[in-house]
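Q: Take this structure first; my questions come after.
The values are calculated or read from the model by the stated rules, or taken from the named source; none is laboratory data. Computed from a predicted model, the values in this text were never measured in an experiment. Every residue, glycine as well, gets a Cβ built from its backbone with ideal geometry; the counts of neighbours run over all protein chains shown. For accessibility, only protein heavy atoms count, side chains too; no ligands or nucleic acids. Shrake-Rupley method; radii C 1.70, N 1.55, O 1.52, S 1.80 Å.
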Amino acid sequence: MTVFGLHISVIWQTVTLLALSNVFMTFAWYAHLKNLSDKPWWIAALVSWGIALFEYLLQVPANRIGNSELDLGQLKILQEVITLAVFVPFVVFYMNQPMKLDYLWAALCILGAVYFVFRA
């Protein structure tokens, strides 16, 4: 893909779309705990589904693009790396939860998964 005269690799296209998708996913799954906690669950579900539509509009093309160079296991582990990279700032800055050392341990475990699925 070429944007503004620059070639963007399949991996970067995939990572970018998955990162944007994950922002929508994270808000769809968790923001209602902060913003709609006083509303009935079905209202939160409908709002979440509306947000999740945008997640899928980005995630489906991301997986199709990524699958042209990555196998399914690599695509899934890449998704998990991005999920953690989006989730931790969301939890700390948006949900006002404390930073936990457990996030580091989780990242190290995922780093191990990255090693095993991407090794040649």
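Q: Under 37 °C and 0.692 mPa s, how fast does the chain diffuse according to Stokes-Einstein, given a Kirkwood radius computed over C-alpha pairs? Answer in µm²/s, whole number.
A: 208 µm²/s
Q: Using a cut-off of 12 Å between beta-carbons, work out the net charge of the residues near Ala113 (Lys and Arg +1, Asp and Glu -1, Ala113 not included).
A: Here the count lands on +1.
Q: Report the calculated FRET efficiency for Asn67 and Ile110 (r = Cβ-Cβ distance, R0 = 22 Å), to the nearest 0.05.
A: FRET efficiency, Asn67 to Ile110: 0.60.
Q: Helix 10-26: angle to the longest alpha-carbon principal axis of the chain, degrees 0 to 90, nearest 10?
A: So the helix axis and the longest Cα principal axis differ by about 10 degrees.
Q: OK, next. I need the GluC sites (Glu not before Pro) found in region 36-99, filtered to DSSP loop residues with at most 11 other beta carbons within 10 Å of theirs. Present the calculation step by step, with values, prior to reporting the outcome.
A: Numbers: sites: Glu55, Glu69, Glu80; in loops: Glu69.
The qualifying sites: there are none.
Q: At most 15 other C-beta atoms within 10 Å and a DSSP loop state: those are the exposed trypsin sites (Lys or Arg not before Pro) I care about. Give me the longest piece of the chain that has none.
A: Details: sites that count: Lys100, Arg119.
Longest run free of exposed loop sites: 1-99.
Q: Could you give the accessible area per residue of the chain, probe 1.4 Å, as a whole number in Å²? Write down the numbers at each step before the final one.
A: On the way: 8100 Å² over 120 residues.
That works out to 68 Å² per residue.
Q: So what's the back-of-envelope 222 nm ellipticity for the chain, counting only DSSP H runs of four-plus at -39500 (n - 2.57) apiece and dividing by all residues, rounded to 500?
A: Details: 5 runs with 83 residues, N = 120.
It lands at -23000 deg cm²/dmol.
Q: Let me ask something else about it. Tell me, what are the semi-axes, in whole angstrom and largest first, of the equivalent ellipsoid of region 53-104 as set by the roots of 5 times the Cα gyration tensor eigenvalues?
A: Ellipsoid semi-axes (Å, largest first): 27, 15, 5.
Q: With a 1.4 Å probe and all protein chains left in place, how much of the accessible area of the chain comes from carbon and sulfur atoms, in whole percent?
A: 72 percent
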